[in-house]
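Quick notes on the structure that follows.
The values are calculated or read from the model by the stated rules, or taken from the named source; none is laboratory data. The structure displayed is predicted, hence computed values, not measured ones. Heads up, the Cβs are rebuilt from the backbone with ideal geometry, glycines too, and the neighbour counts pull from every protein chain shown.
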Amino acid sequence: MRTIFIATLLLAAAAQAADLTVTVLDRSGKPLADAVVLVDSSAQGIRPSPVLAATIAQDQLKFVPAVTLVGLGAKVSFSNLDTWDHHVILGVMGAGGAFVDPGQNTQFRLAGRVRNKAPASDSKVLSQPGPYLLACHIHSSMRGHVYVADTPWAKLGSEDGKAVLQGLPEGAARVRIWHPDQIVDGTPTAVQIAAGGNAVTVTTQIAPARKKRAAPAADNNYPGL
Ligand SMILES: [Cu+2]
(Lines give C-alpha, C1' and ligand atoms only; values in the text may rest on other atoms or scores of the structure.)
Protein backbone atom coordinates (compact mmCIF):
# COMPACT_ATOMS: atom_id res chain seq x y z
CA MET A 1 0.00 0.00 0.00
CA ARG A 2 2.81 2.33 0.97
CA THR A 3 4.68 1.60 -2.31
CA ILE A 4 1.65 2.59 -4.39
CA PHE A 5 1.34 5.87 -2.49
CA ILE A 6 4.98 6.80 -3.19
CA ALA A 7 4.61 5.86 -6.87
CA THR A 8 1.62 8.19 -7.17
CA LEU A 9 3.62 11.03 -5.65
CA LEU A 10 6.44 10.50 -8.15
CA LEU A 11 4.01 10.56 -11.05
CA ALA A 12 2.52 13.82 -9.79
CA ALA A 13 6.02 15.31 -9.60
CA ALA A 14 6.85 14.20 -13.15
CA ALA A 15 3.75 15.93 -14.51
CA GLN A 16 4.65 19.22 -12.83
CA ALA A 17 4.73 22.29 -14.96
CA ALA A 18 8.03 23.83 -16.00
CA ASP A 19 9.35 27.38 -16.38
CA LEU A 20 10.70 29.02 -19.51
CA THR A 21 13.03 32.02 -19.45
CA VAL A 22 12.84 33.95 -22.72
CA THR A 23 15.50 36.53 -23.55
CA VAL A 24 14.43 38.92 -26.31
CA LEU A 25 17.09 40.74 -28.33
CA ASP A 26 16.68 43.55 -30.83
CA ARG A 27 18.11 43.48 -34.34
CA SER A 28 21.54 44.58 -33.10
CA GLY A 29 21.67 41.83 -30.46
CA LYS A 30 20.94 44.10 -27.47
CA PRO A 31 18.25 43.26 -24.88
CA LEU A 32 14.84 44.53 -26.01
CA ALA A 33 12.73 46.14 -23.27
CA ASP A 34 8.92 46.06 -23.22
CA ALA A 35 8.54 42.96 -25.41
CA VAL A 36 5.35 40.95 -25.03
CA VAL A 37 6.27 37.26 -24.85
CA LEU A 38 3.53 34.76 -25.72
CA VAL A 39 3.85 30.99 -25.51
CA ASP A 40 1.47 28.53 -27.16
CA SER A 41 1.20 24.93 -26.03
CA SER A 42 -1.40 22.32 -26.77
CA ALA A 43 0.07 19.86 -24.24
CA GLN A 44 -2.12 18.65 -21.39
CA GLY A 45 -1.83 20.61 -18.19
CA ILE A 46 -3.27 23.34 -16.01
CA ARG A 47 -3.66 26.70 -17.71
CA PRO A 48 -2.71 29.80 -15.68
CA SER A 49 -5.51 32.32 -15.09
CA PRO A 50 -5.38 35.35 -17.39
CA VAL A 51 -4.94 38.87 -16.01
CA LEU A 52 -8.42 40.41 -16.25
CA ALA A 53 -7.84 43.88 -14.80
CA ALA A 54 -5.25 46.60 -15.30
CA THR A 55 -4.90 50.30 -14.55
CA ILE A 56 -3.10 52.78 -16.78
CA ALA A 57 -2.28 56.28 -15.54
CA GLN A 58 -1.86 59.43 -17.56
CA ASP A 59 1.05 61.01 -15.74
CA GLN A 60 3.33 63.84 -16.91
CA LEU A 61 2.10 63.52 -20.53
CA LYS A 62 2.74 59.79 -20.63
CA PHE A 63 0.71 56.61 -20.43
CA VAL A 64 2.14 54.70 -17.47
CA PRO A 65 3.03 51.93 -17.97
CA ALA A 66 3.85 52.45 -21.63
CA VAL A 67 2.96 48.82 -22.41
CA THR A 68 0.26 46.87 -20.55
CA LEU A 69 -0.38 43.16 -21.01
CA VAL A 70 -3.76 41.63 -20.18
CA GLY A 71 -5.87 38.61 -21.06
CA LEU A 72 -8.92 38.44 -23.29
CA GLY A 73 -11.93 40.20 -21.75
CA ALA A 74 -9.84 42.29 -19.34
CA LYS A 75 -11.21 45.52 -17.90
CA VAL A 76 -8.64 48.26 -18.41
CA SER A 77 -9.07 51.42 -16.31
CA PHE A 78 -7.55 54.82 -17.05
CA SER A 79 -6.84 57.60 -14.54
CA ASN A 80 -5.65 61.12 -15.31
CA LEU A 81 -3.13 62.18 -12.67
CA ASP A 82 -2.16 65.40 -14.44
CA THR A 83 -3.76 68.73 -13.55
CA TRP A 84 -4.79 69.28 -17.18
CA ASP A 85 -7.23 67.33 -19.36
CA HIS A 86 -6.33 64.31 -21.50
CA HIS A 87 -8.18 62.12 -23.94
CA VAL A 88 -7.96 58.38 -24.03
CA ILE A 89 -8.18 57.20 -27.62
CA LEU A 90 -8.13 53.43 -27.60
CA GLY A 91 -8.30 51.30 -30.72
CA VAL A 92 -6.98 48.19 -32.40
CA MET A 93 -3.48 48.79 -33.76
CA GLY A 94 -2.40 47.62 -37.16
CA ALA A 95 0.95 47.29 -38.86
CA GLY A 96 2.99 50.49 -38.91
CA GLY A 97 1.75 51.66 -35.51
CA ALA A 98 -1.52 53.27 -36.65
CA PHE A 99 -5.13 52.67 -35.70
CA VAL A 100 -6.73 49.99 -37.89
CA ASP A 101 -10.08 51.81 -38.08
CA PRO A 102 -10.30 55.17 -36.25
CA GLY A 103 -14.11 54.99 -36.62
CA GLN A 104 -14.11 51.98 -34.29
CA ASN A 105 -11.95 53.58 -31.61
CA THR A 106 -13.15 54.17 -28.07
CA GLN A 107 -12.66 57.78 -27.02
CA PHE A 108 -13.25 59.61 -23.79
CA ARG A 109 -11.92 62.72 -22.11
CA LEU A 110 -10.58 62.71 -18.57
CA ALA A 111 -10.59 66.03 -16.73
CA GLY A 112 -7.44 67.30 -15.08
CA ARG A 113 -6.94 66.44 -11.45
CA VAL A 114 -8.30 68.76 -8.83
CA ARG A 115 -6.54 68.98 -5.47
CA ASN A 116 -7.94 66.66 -2.77
CA LYS A 117 -10.18 64.89 -5.26
CA ALA A 118 -9.88 61.46 -6.80
CA PRO A 119 -8.51 61.53 -10.35
CA ALA A 120 -10.97 61.29 -13.24
CA SER A 121 -11.15 57.75 -14.53
CA ASP A 122 -12.99 55.50 -16.95
CA SER A 123 -12.61 51.94 -18.20
CA LYS A 124 -13.11 49.67 -21.16
CA VAL A 125 -13.40 45.89 -21.54
CA LEU A 126 -11.10 44.60 -24.30
CA SER A 127 -12.61 41.65 -26.13
CA GLN A 128 -10.34 41.39 -29.16
CA PRO A 129 -6.90 39.76 -28.98
CA GLY A 130 -3.79 41.58 -30.18
CA PRO A 131 -2.32 45.07 -29.86
CA TYR A 132 -4.26 48.23 -29.04
CA LEU A 133 -2.88 51.74 -29.48
CA LEU A 134 -3.45 54.56 -26.98
CA ALA A 135 -3.31 58.24 -27.88
CA CYS A 136 -4.57 61.68 -26.84
CA HIS A 137 -6.12 64.34 -29.14
CA ILE A 138 -4.62 67.21 -27.15
CA HIS A 139 -1.07 65.89 -26.87
CA SER A 140 0.10 64.21 -30.06
CA SER A 141 3.30 62.92 -28.42
CA MET A 142 1.32 60.69 -26.04
CA ARG A 143 1.46 57.06 -27.08
CA GLY A 144 0.78 53.87 -25.18
CA HIS A 145 -0.01 50.25 -25.93
CA VAL A 146 -2.17 47.49 -24.52
CA TYR A 147 -1.67 43.93 -25.68
CA VAL A 148 -4.53 41.46 -25.22
CA ALA A 149 -3.03 37.97 -25.05
CA ASP A 150 -4.84 35.05 -26.65
CA THR A 151 -2.83 32.50 -24.63
CA PRO A 152 -2.67 32.01 -20.83
CA TRP A 153 1.15 32.04 -21.00
CA ALA A 154 1.99 35.69 -21.57
CA LYS A 155 4.52 37.94 -19.88
CA LEU A 156 5.88 41.43 -20.39
CA GLY A 157 9.67 41.42 -20.73
CA SER A 158 11.72 43.58 -18.39
CA GLU A 159 14.40 46.17 -19.25
CA ASP A 160 16.98 43.39 -19.67
CA GLY A 161 14.80 41.68 -22.30
CA LYS A 162 13.90 38.77 -20.02
CA ALA A 163 10.53 37.21 -19.28
CA VAL A 164 9.96 34.12 -17.14
CA LEU A 165 6.87 32.15 -18.10
CA GLN A 166 5.70 29.79 -15.40
CA GLY A 167 3.48 26.75 -15.38
CA LEU A 168 4.16 25.43 -18.88
CA PRO A 169 3.33 21.79 -19.57
CA GLU A 170 6.17 19.61 -20.81
CA GLY A 171 6.25 19.07 -24.55
CA ALA A 172 6.32 21.08 -27.74
CA ALA A 173 5.57 24.80 -27.54
CA ARG A 174 6.20 27.94 -29.55
CA VAL A 175 7.24 31.44 -28.56
CA ARG A 176 5.80 34.55 -30.19
CA ILE A 177 7.08 38.09 -29.60
CA TRP A 178 5.22 41.37 -30.03
CA HIS A 179 6.72 44.82 -29.55
CA PRO A 180 5.31 48.36 -30.04
CA ASP A 181 8.13 49.21 -32.46
CA GLN A 182 7.90 46.13 -34.66
CA ILE A 183 7.04 46.63 -38.31
CA VAL A 184 5.88 43.09 -39.09
CA ASP A 185 5.14 40.01 -36.99
CA GLY A 186 8.22 37.81 -36.53
CA THR A 187 8.31 34.06 -37.07
CA PRO A 188 7.43 32.02 -33.94
CA THR A 189 10.27 30.08 -32.30
CA ALA A 190 9.71 26.38 -31.62
CA VAL A 191 10.80 25.18 -28.16
CA GLN A 192 10.67 21.87 -26.33
CA ILE A 193 9.66 22.29 -22.69
CA ALA A 194 11.34 19.83 -20.32
CA ALA A 195 10.91 19.37 -16.56
CA GLY A 196 12.63 22.05 -14.48
CA GLY A 197 13.97 25.24 -16.03
CA ASN A 198 14.16 26.00 -19.74
CA ALA A 199 15.68 28.95 -21.55
CA VAL A 200 15.57 30.33 -25.07
CA THR A 201 16.96 33.49 -26.68
CA VAL A 202 14.96 35.10 -29.49
CA THR A 203 16.76 37.57 -31.74
CA THR A 204 14.16 39.77 -33.43
CA GLN A 205 14.36 42.19 -36.37
CA ILE A 206 13.00 44.98 -34.16
CA ALA A 207 14.79 48.34 -33.92
CA PRO A 208 13.46 50.02 -30.74
CA ALA A 209 12.42 53.59 -31.62
CA ARG A 210 12.13 54.88 -28.07
CA LYS A 211 15.72 54.03 -27.26
CA LYS A 212 17.03 55.95 -30.28
CA ARG A 213 15.13 59.09 -29.28
CA ALA A 214 16.21 58.88 -25.64
CA ALA A 215 19.85 58.16 -26.43
CA PRO A 216 21.35 61.64 -25.92
CA ALA A 217 19.42 62.30 -22.71
CA ALA A 218 19.22 60.54 -19.36
CA ASP A 219 16.53 57.92 -18.74
CA ASN A 220 12.98 59.33 -18.71
CA ASN A 221 14.27 62.78 -19.54
CA TYR A 222 12.74 63.62 -22.88
CA PRO A 223 13.57 67.06 -24.23
CA GLY A 224 10.59 69.33 -24.74
CA LEU A 225 8.32 67.84 -22.06
CU1 LIG B 1 -3.25 64.47 -23.32
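Quick notes
- Residues located in region 83-109, provided they are within 12 Å of the ligand (Cβ to nearest atom) and either touching a Pro at 6+ places or on another chain (Cβ under 9 Å) or free of Cβ contacts under 8 Å to residues at least 12 places away in the same chain (or both): I89
- Residue that is farthest from S49 (Cα to Cα) [pool: residues in region 73-88 that are surrounded by fewer than 17 Cβ atoms within 10 Å (Cβ to Cβ) and under 19 Å from the mean Cα position of the chain (by Cα)]: S77
- Subset of region 15-55 that is assigned to a strand (DSSP E or B) and of a type in the set (S, T, N, Q) - its residue that is nearest to G130 (Cα to Cα): T55
- In region 39-82, residue nearest to A18 (Cα to Cα) [restricted to those that are in contact with a Ser or Thr (Cβ under 8 Å, 6 or more places away or on another chain) and within 16 Å of the ligand (Cβ to nearest atom)]: I56
- Residues in region 125-144 that are more than 16 Å from the ligand (Cβ to nearest atom) and in a strand (DSSP E or B): V125, L126, G130, P131, Y132.
- Within region 48-59, being surrounded by fewer than 18 Cβ atoms within 10 Å (Cβ to Cβ) and in contact with an Asp or Glu (Cβ under 7 Å, 6 or more places away or on another chain) holds for one residue alone: D59.
- Selection count where residues are part of a strand (DSSP E or B) and at pLDDT 95 or above, scope region 172-203: 18
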